[in-house]
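Enquirer: One structure is given below, represented as structure tokens, and several questions about it will come after.
Every number in this text was worked out from the coordinates using simple rules, so none of it is lab data. Note that this is a predicted model, so its numbers are computed, not measured. Cβ sites come from the backbone with ideal geometry, for glycine too, and all protein chains shown count toward neighbours.
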Amino acid sequence: MGRQFNEFKASELHCPKCGVSQPVRERASALHGSQTIELLCSRCATVVGHHTVIDHSLGGKLAKLVGKLLK
């Protein structure tokens, strides 16, 4: 049986600061062929989760290589 889902997106997560489940919003930052997504509580802006998306395309691989060369 093949994969049924490629990606899940959280609509709500538990916020330790608020003490209850809250809607979340995403804040993205890109770095050398990968993108980190932080999940923020929409009420208090506390980071309640994160995940990394890796770009396996040729453009992503080239960006990672150029980033290493420029260090």
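Enquirer: At 7 Å along Cα-to-Cβ for each site, give me the label-to-label distance between L69 and I37 in nm.
Expert: Computed distance between label sites L69 and I37 equals 3.1 nm.
Enquirer: Test of understanding: what is the full-extension gain from T52 to L13, defined as 0.36 nm times their sequence separation minus their Cα-Cα distance?
Expert: Numbers: separation 39, 0.36 × 39 = 14.04 nm, distance 1.73 nm.
Length gained, T52 through L13: 12.3 nm.
Enquirer: Once you have a ≥ b ≥ c as the square roots of the Cα gyration tensor eigenvalues for region 12-69, tell me rounded if a/c is under 1.5, and otherwise prolate or oblate according to whether a/b is larger than b/c. Please list the in-between numbers first.
Expert: Details: a/c = 4.60, a/b = 3.50, b/c = 1.31.
Prolate shape, in that a/c is at least 1.5 and a/b is the bigger ratio.
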